[in-house]
Amino acid sequence: MDIIQEILKLKKERNAVIMAHNYTLGEVQDIADYCGDSLELARIAAKCNAEVIVLCGVRFMAETAKILSPAATVLHPAVDSGCPMADMADPEEVKKFKADNPDTLLIAYVNTTAATKSEVDICCTSGNAEKIVSALPAGQKVMFLPDANLGGNLIKKLDRPMELWHGCCPIHDRITPEDIQLARKAHPDAIIMVHPECKVEVTALADMALSTGAMLNFVKESDAAEFVAGTEIGILHRMRKENPDKKFYPLDCNPVCEDMKKITLEKIATVLREMSGKVELSPEIIEKARRPIEKMLELSK
Ligand code: 13P
Ligand code: SF4
């Protein structure tokens, strides 16, 4: 039996659903029941009735699925697939900041560990950050963590002061204004999209800054024929598959998130066969981390 057939058979036997982030390998996205950005995957996990969820993405995404669907067994096919940005907001450091700044509201990007989420007030994703931050009362002191680039882009767009944590996505932070200028020169007719995890001076040169899910919606609805995907290259798979008549180009600097690529078909088959890679979180962490995520889902309806 080939690997795909084995996964499909095991999936049925285990009453499992497979969810994949838009940056995973193409063959992983192709086998998934659902593909999406962080917000879309969280929404699906919150509504999911499956006994088993195989979350193909980085660790914080698997944790979010477990927090929102605690009765399900959540399997993460690569235990070493973490998000370096999530590790930049240490829960103890966040706890100390909170104790030292009791009048500051903590907004955490979902790219944080469950332990860090359990210390904050509201979560957000790149798909709803504008809505969440705009909903806050004017004058409310805010600390935005961990992504100083996403936070900086929000401050600029919404003209709203916030304190920023010292984190970033190493993959998006490496993209430079020159990369955008090169793409503009090479593809003068293309619309240039970047992710809001890019630096402010990079988003300023692009035509738009969108979450991966919003990019996919935009290219589907747009009348334009050519697009530059200024984000992790995994997104090109769905763009090309869903829009065969349009042209999509990566940036020359070729941004790759190695952690996302650790999820392979072989590892998906293994966790389903052995019921290994279970995401285990204490009931206390699940309860505490659930509150800011639910607030986010409520505010971004
Ligand atoms: P999206 O929610 O836009 O898919 O982003 C997740 C992520 O990790 C981007 O680096
Ligand atoms: Fe984390 Fe960046 Fe990879 Fe997204 S692309 S999972 S933010 S390291």
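Overall, the chain carries a charge dipole of about 580 debye about its Cα centre when +1 sits on the Cβ of Lys and Arg and -1 on the Cβ of Asp and Glu, all other atoms neutral.
Shape of the chain from the C-alpha gyration tensor: oblate (a/c of 1.5 or more and a/b not above b/c, with a ≥ b ≥ c the square roots of its eigenvalues).
Summary value for the chain: 23 percent relative contact order, contacts being C-alpha pairs under 8 angstrom separated by 6+ residues. Each residue of segment 66-77 was assigned a 3J(HN,Hα) from its phi angle through the Karplus curve 6.51 cos²θ - 1.76 cosθ + 1.60 (θ = phi - 60°); the sequence is 5, 5, 8, 9, x, 6, 7, 8, 9, 9, 10, x Hz, with glycine and proline shown as x. What pairs from LYS241/LYS262; LYS131/LYS157; LYS47/LYS301; LYS131/LYS156 go past 19 Å between their alpha carbons? Result: LYS241/LYS262 exceed 19 Å.
With loop membership from DSSP and a limit of 14 other Cβ atoms within 10 Å, the longest segment of the chain without GluC sites (Glu not before Pro) is 52-257. Can you tell me which lysines have their Cα less than 17 Å from the Cα of LYS246? Leave out same-chain residues fewer than eight positions away. Filter leaves LYS220. Each of CYS124, ALA269, ALA46 was placed along the dipole of the chain (beta-carbon charges, centred on the mean Cα), and the one lying farthest toward the positive end is ALA46. Annotation: amide H-H contacts under 5 Å for LEU105 (H modelled 1.01 Å from N, sequence separation of 5 or more, or interchain): LYS141, VAL142, MET143. The alpha-carbon of LYS11 sits under 15 angstrom from the alpha-carbons of these aspartates and glutamates, leaving out residues fewer than 8 places away in its chain: ASP2, ASP30, ASP33, GLU51, GLU266, GLU274. In terms of its C-alpha gyration tensor, segment 153-249 has a prolate overall shape, because the principal axis ratio a/c (a ≥ b ≥ c, square roots of the eigenvalues) is not below 1.5 and a/b outweighs b/c.
Any read-out appearing in this document is the output of simple, stated calculations on the displayed coordinates, not a laboratory observation. Everything numeric here is computed off the predicted structure, so don't read it as measured data. When we count neighbours, we look across all protein chains shown, and the Cβ atoms used for this are built from the backbone with ideal geometry, even at glycine.
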